[in-house]
Structures are given as C-alpha cells and as structure tokens.
1. For labels at LEU183 and ARG56 in the simple 7 Å Cα→Cβ model, what's the distance in nm?
2. What does the helix-only formula give at 222 nm for the chain: each DSSP H stretch with n ≥ 4 adding -39500 (n - 2.57), the total divided by the residues, and the result rounded to the nearest 500 deg cm²/dmol?
3. By average Cβ neighbour count within 10 Å, what is the ranking of 110-116, 51-57 from highest down?
4. How many percent of the accessible area of the chain is carbon or sulfur, using a 1.4 Å probe?
5. Could you sort the peptides 140-152, 186-198 by per-residue average Cβ neighbour count (10 Å cutoff), highest mean leading?
6. Which residues among the stretch 95-109 fall inside the zone where the amide N is under 12 Å from a point 7 Å beyond the Cα of GLN192, along Cα→Cβ?
7. For the stretch 109-241, what log10 I(q)/I(0) values come out of the Debye formula at q = 0.10, 0.12, 0.19 1/Å, with one point per alpha carbon and no solvent?
8. Return a whole-number percent for the relative contact order of the chain, with Cα pairs under 8 Å and 6 or more residues apart as the contact set.
Amino acid sequence: MQVPGTGRIHLQWPNCLNVRDLGGLPTSGGRQIAGGALIRSDNLNRLTEAGVNAVRKASVRRIIDVRTPQECEAYPSPFASDPLYRNLPLSRPGDIYDPTLSIDQDYIVMLDRNPDLLAAAVGAIADAPAGGVVVHCHWGKDRAGNVVALALSLAGVDAESVAADYAVLGDRMRDHVAEQLALIDDPTERNQLAELFTARPETMLAVLKHLNDRYGGVEQYLRYGGLSDNQVNALRGRLVS
C-alpha cells in the first residue's frame, strides 16, 4: 500500500503496524533511494509466523534493533538468534530521560550524548551484506526514526523530505495509538502520552538544524561519531539508485 503523497510503500508484515520501504525518496542529483534497500519498522516482536516469512521474502540481510537490552529481553525479536540480527542500542546504562523536554529536545540530547552509538547504527547499515536493511525500535518513530533520518540525509535526501518521512505514521498506527490512549483514565497522563506519539515534521527539522548548527551537518556529525570514509561511501552506494 502506497503512503499517500509519497513514493514510499507500507509493507504488509503481520502483525507489525508501521513498516515501510523508503525506496523512491528523491536524492540529490536527480536520483532516489533504491527500493528495498532501507526499511523502517516498529517492534518485530509483534510479527506472526506469516510476518516472519514476509521479512525473509523481502531479501532482508540485516536487522538493526536499536532498543535497549532490557526491551529486547522483555520483547524478544524472532530473529534474535539469526546471524542477520544486530542489537545496537542508542543509549547507555545511566543515561537519564528528562520528561520535561520536548520531543525534539529529547532527540537532540540523545544525539549529543552518544554520537558514537548513532554512528555505529548508521555504520551497520553501510556494512550490511548486499540486500535490504531493516531498522526498528519499539514504535519505529523515535530511535529508529533518528537513525533513518541520519542515513537518508547522508544519502542525499533533503531535510524537508526526511522530515516528511518521519511524520508518516499511517492509519494502522493511529488506530493502535487510540486503543492505548483509551486505556488511560488520567487526562494529564493521557495527554502526555498522546504528545509522545506525535510525529511532526518540524520536530525532525529542528533536529537536523541542530546538527547543522553544532556539527556542520549530518555527515560531519557521523564522522565525529566515528563513521569512516569507507562507510560513508558504502552507505551512499547501497541506498542510492
């Protein structure tokens, strides 16, 4: 199913809710992201047997799970014992979450605190065997969203298109979010959770502006985090068609 107003395709991986192929996004020089090269997803723990088979039929050669080890233990991936699976958390034990921060501020703290972990996740895309790469966290919005935004930016997708992709949640996700919110009686807590579920383009635009202002851009940020010349070239080569 095509995402309205974009070139991206929602993939049917039962019972995941937020899976899409980023192929078709325009890059610099009149080119585009290759179909099947980069897929973003919510937690693969939700997959049925049919969903697991759909992943394998999609020629996926690397799954990058950026959840914490605690999340992976509580909600184990069906691919956890498979050689294609990598768990690359974007935080360290002791990293403190500040609930008073806005979503973009929270992202910026994560990026500034652990550039090496973000660069490692993007590097894992570059270093993967030939074929598709899946990046996922729990919802497929925040942590996976930042890794995907960095990879797309490095591949030459402009900031507005990266932000528009971040903002796509899809009708399937909205229904699930509504169900989760309906379980919460306290209106303040419900409103706070509803805000956490939002994905506005201006959030990602603020993050990318921060990377430009502080580091000189996404590529410079990732190099600061340890991404090598070979990985930069490899990522562009595998994602751009």
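1. Computed distance between label sites LEU183 and ARG56 equals 3.1 nm.
2. Taking each H run of at least 4 residues, the total per residue is -14000 deg cm²/dmol.
3. On the way: 110-116: 17.4, 51-57: 15.7.
For the peptides 110-116, 51-57, the packing ranking is 110-116, 51-57.
4. Details: 5670 of 10990 Å².
About 52 percent, which is the carbon plus sulfur part of the accessible surface.
5. Values: 140-152: 24.8, 186-198: 12.2.
Highest to lowest by the protection proxy: 140-152, 186-198.
6. So the set is 98-101.
7. For the stretch 109-241 at q = 0.10, 0.12, 0.19 Å⁻¹, log10 I(q)/I(0) is -0.37, -0.51, -1.08.
8. 25
The values are calculated or read from the model by the stated rules, or taken from the named source; none is laboratory data. Computed from a predicted structure; not experimentally measured. Every residue, glycine as well, gets a Cβ built from its backbone with ideal geometry; the counts of neighbours run over all protein chains shown. Quick note on the areas: whole protein, heavy atoms, side chains included, nothing else; ligands and nucleic acids left out. Shrake-Rupley method; radii C 1.70, N 1.55, O 1.52, S 1.80 Å.
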